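Trainee: My questions all concern the structure below.
The values are calculated or read from the model by the stated rules, or taken from the named source; none is laboratory data. Everything numeric in this text was worked out from a predicted model, so none of it was measured. For neighbour counting, all protein chains shown are included, and Cβ atoms are generated from backbone atoms with ideal geometry for every residue, glycine included. Just the protein is used for accessible areas: all its heavy atoms, side chains included, with ligands, DNA and RNA removed. Shrake-Rupley method; radii C 1.70, N 1.55, O 1.52, S 1.80 Å.
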Amino acid sequence: MGRNNSVVVGLQFGDEGKGKIVDYLSGSFDVVAKYNGGSNAGHTVVTDDRTFKFHLVSSGSLSAKHVVLGNGMAIDPAILTEEIRSIKEYNHDVQIHVSRDAHVVTPMHKLLDVEEENVRGSLKIGTTAQGIGPAYEDKYARTGIRMEELGSVTDMTEKLKVILAMKGKLLSGTPYAEKKGLDSMVSGLHELGNGLKPFLCNTARKLHEFDNDGLELLFEGSHGTLLDIDHGMYPYVTSSNTIAGAISSGAGFSFRRIKNVIGVVKAYMSKVGSGIFPTEILGSEADRLRTEGNEYGTTTGRPRRVGWLDLKLLNYAIRLNDVDYLALTRVDTLGIFDTIRVVTGYGNPDEEFSPSDKNLEFQEFQGWGKLDNDKLADITRHGFNALPENLARYIDFIEKNVGRKINIVSVGSKRNLTINRSSVTGN
Ligand code: IMO
Ligand code: MG
């Protein structure tokens, strides 16, 4: 069994910096795997000389021997084809394993995503319009197309006809309601399927074999805990389970074989789309944070809503994922504020999270200023001991409030601007 099998999950509303942390850790793992979501996810990885944007594959794909896309994912074959090409350019010997049971996102699903949002009106979620919701709807309606079926024009056409019959109203007047348009989409998908065929396999079995062979496995969760379909802030959530335990269903690999659950938390918070956000900051302070942190969606380019760190929600996410330790990101961005807030409660201790209550209790901290190149060099050389005092205080406060150690701190977007407590202490 891989002795250090681990999972990296986001503990907020997504965009916590999971990609950066997975890329940083992936050097110690042989296999990187994803178990949920699709191209609604977006990760930016900055190597020394290049910036990569991934949606479907794990951010650890640049250095891993094996890249796995699990059955729990919703895969857009065109995006997957492009991402495989781009990783192979950098990581020549990588082997890619795509679950034949993962669900396919077609151009028709993308169109449906937009149409469904229009129908929702004031209940609009603010989705990424990547077709993820509609593809999972078909999965659970048991009419979804699985990756393996890209190989059969007949199977695909039959399923699509059922989907059309179910969702005909939304699709009437679109090219997919006409035979010509449907056939042309099917042949496009079929062609992509032929290109992807060599990568398809039973990934659940593969993962077991890798584990039995003693390879180390690193799983990467998509999105964030507060976007989980069951445990997030429904209905402003995504359509898959995002928590660590979803590895069992989304990859067919028991979560009991995972040694470390690593929770990624951004030093402040951000959210794309509608829904409750108790610690949201508005106005010019928010604009400044958004600009400094480049808080614009990787997938949609939308400006992200931003807010202070919410320890109430963080504790909730830690419990759901049974997090072992934390990775804290974006401290470089937050430090520029003179006064920094951390929300510790909403005025009612009995309430786990009481989103409508704006009676925020908070602790204030002084900023630690901009981390210039000299300071960054000092931090990367000397690790935690070289962190500015105000930042060390901030970290200490979070650790005490959530009962978990922050073992990794990211001080900039580049790969090398990351420090790790264990490498400092030599454990
Ligand atoms: P990563 O992996 C931020 C949000 C969308 C929307 C809601 C539902 O980059 O952290 P969907 O298209 O999934 O049906 O949209 O979920 N959302 C994300 N926000 N980062 C993500 O992923 C997200 N994935 C989904 O903005 O509010
Ligand atoms: Mg994102």
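Trainee: Along its three principal axes, how long is the range 104-196 when you only count alpha carbons? Whole Å, largest extent first please.
Mentor: 41, 24, 21
Trainee: Normalised by the number of residues in the chain, what is the relative contact order in percent for Cα pairs under 8 Å and 6+ residues apart?
Mentor: After rounding, I find 20 percent.
Trainee: Any chance you could look up the accessible area of Val94 with a 1.4 Å probe, heavy atoms only, rounded to 10 Å²?
Mentor: 10 Å²
Trainee: Using Cα atoms only, what is the angle between the long axis of helix 203-212 and the major principal axis of the chain, expressed in degrees (0 to 90) to the nearest 10?
Mentor: Tilt relative to the chain: about 50 degrees.
Trainee: I'd like the accessible area for Lys405: 1.4 Å probe, protein heavy atoms, all chains in place, Å² to the nearest 10.
Mentor: Only protein atoms counted, so the area is about 100 Å².
Trainee: Report, to the nearest whole %, how much of the accessible area of the range 265-420 belongs to carbon and sulfur atoms, 1.4 Å probe, protein only.
Mentor: 41 percent
Trainee: Distance between Cα centroids, the range 286-356 to the range 60-104: provide it in whole Å.
Mentor: So the separation of the two Cα centres works out to 30 Å.
Trainee: Moving to a separate point now. Can you give the helix-only mean residue ellipticity at 222 nm for the chain, where every DSSP H stretch with n ≥ 4 adds -39500 (n - 2.57) and the sum goes over all residues, rounded to the nearest 500 deg cm²/dmol?
Mentor: Taken over the chain, the calculation gives -10500 deg cm²/dmol.
Trainee: Related question: Near Lys179, which lysines are there with a Cα under 19 Å away, not counting those fewer than 8 places off in the same chain?
Mentor: Cα-Cα hits under 19 Å: Lys110, Lys159, Lys161, Lys167, Lys169.
Trainee: Compute the angle between helix 311-321 and the longest alpha-carbon principal axis of the chain, please, reported from 0 to 90 degrees and rounded to the nearest 10.
Mentor: The answer is roughly 50 degrees.
Trainee: Next question. Quick one: which residues, 5+ away or cross-chain, put their amide H under 5 Å from the amide H of Leu200? H built at 1.01 Å from N.
Mentor: Val98
Trainee: Sequence gap at least 6, Cα distance under 8 Å: using those rules, report the relative contact order of the range 1-130 to the nearest whole percent.
Mentor: It comes to 21 percent, rounded to a whole number.
Trainee: Need the C-alpha centroid separation for the range 27-46 versus the range 375-394, integer Å.
Mentor: 28 Å
Trainee: Starting at 0 and stepping by 10 Å, how many percent of the alpha carbon pairs of the range 127-272 end up in each bin?
Mentor: 9, 28, 31, 24, 7, 0
Trainee: Note down the nm distance, to one decimal, between modelled labels 7 Å out along Cα→Cβ at Asn294 and at Ala165.
Mentor: Taking the simple label geometry, Asn294 and Ala165 are separated by 4.9 nm.
Trainee: Here is a follow-up. Taking the square root of 5 times each eigenvalue of the Cα gyration tensor, what semi-axes in Å does the equivalent ellipsoid of the chain have, largest first?
Mentor: Its equivalent ellipsoid spans semi-axes of 36, 26, 19 Å.
Trainee: For the range 26-124, which whole-number percentage of the solvent-accessible area (1.4 Å probe, protein heavy atoms only) is attributable to carbon and sulfur atoms?
Mentor: The nonpolar share, carbon plus sulfur, comes to 49 percent.
Trainee: Report the extension gain between Met1 and Glu178 in nm, rounded to one decimal, defined as 0.36 nm multiplied by the number of residues separating them, less their alpha carbon distance.
Mentor: Computed gain between Met1 and Glu178 is 58.5 nm.
Trainee: Take the Cα of Cys201, step 7 Å along the line toward its Cβ, and report every residue of the range 21-48 whose backbone nitrogen sits under 13 Å from that point.
Mentor: Within reach of a label on Cys201, which here means backbone N under 13 Å from a point 7 Å along Cα→Cβ, the range 21-48 contributes 31-32.
Trainee: Cut-off under 15 Å on the C-alpha distance; same-chain residues fewer than 8 positions from Lys405 excluded. Which aspartates and glutamates are left, in chain and number order?
Mentor: The qualifying aspartates and glutamates are Asp322, Asp324, Asp396.
Trainee: Given q = 0.11, 0.17 Å⁻¹, what are the Debye log10 I(q)/I(0) values for the range 265-420, with equal point scatterers placed on the Cα positions and solvent ignored?
Mentor: The calculated log intensity ratios at q = 0.11, 0.17 Å⁻¹ are -0.44, -1.07.
Trainee: Just reorder Ser249, Ser240 by solvent-accessible area, largest first, 1.4 Å probe, all chains present.
Mentor: Ser249, Ser240
Trainee: While we're on this one: Which whole-number value in Å² is the accessible area per residue of the chain, probe 1.4 Å?
Mentor: 42 Å²
Trainee: How many nm is it between the label spots at Ile336 and Lys259, if each spot is 7 Å from the Cα in line with the beta carbon?
Mentor: Placing both labels 7 Å along Cα→Cβ, they lie 4.0 nm apart.
Trainee: Measure out, as a whole number of angstrom, how far apart the alpha-carbon centroids of the range 161-188 and the range 220-262 sit.
Mentor: The distance from the Cα centre of the range 161-188 to that of the range 220-262 comes to 32 Å.
Trainee: Hey, what angle do you get for helix 77-90 against the long axis of the chain, alpha-carbon based, 0 to 90 degrees rounded to 10?
Mentor: So the inclination is approximately 50 degrees.
Trainee: Not counting ligands, DNA or RNA, and with a 1.4 Å probe, what is His223's accessible surface area in Å² rounded to the nearest 10?
Mentor: Only protein atoms counted, so the area is about 20 Å².
Trainee: Which order do Ser284, Ser410 take by accessible area at a 1.4 Å probe, largest first?
Mentor: Descending accessible area places them as Ser284, Ser410.
Trainee: Equivalent ellipsoid semi-axes for the range 20-121, as square roots of 5 times the alpha carbon gyration tensor eigenvalues: give them largest first, rounded to whole Å.
Mentor: 27, 15, 12
Trainee: State log₁₀ I(q)/I(0) for the range 31-87 at q = 0.18, 0.21, 0.26 Å⁻¹ as given by the Debye formula over alpha-carbon point scatterers of equal weight, solvent excluded.
Mentor: Debye output, listed in q order: -0.56, -0.76, -1.16.
Trainee: I've got another one for you. Have a look at the DSSP beta bridges in the chain and tell me what percent are antiparallel, nearest 5.
Mentor: 35 percent
Trainee: Top mean-square fluctuation among Gly193, Gly17, Gly369, Gaussian network model of the chain, C-alpha springs under 10 Å?
Mentor: It is Gly369.
Trainee: Put a dot 7 Å past each Cα toward the Cβ at Leu123 and Asp322; how far apart are the dots in nm?
Mentor: 3.5 nm
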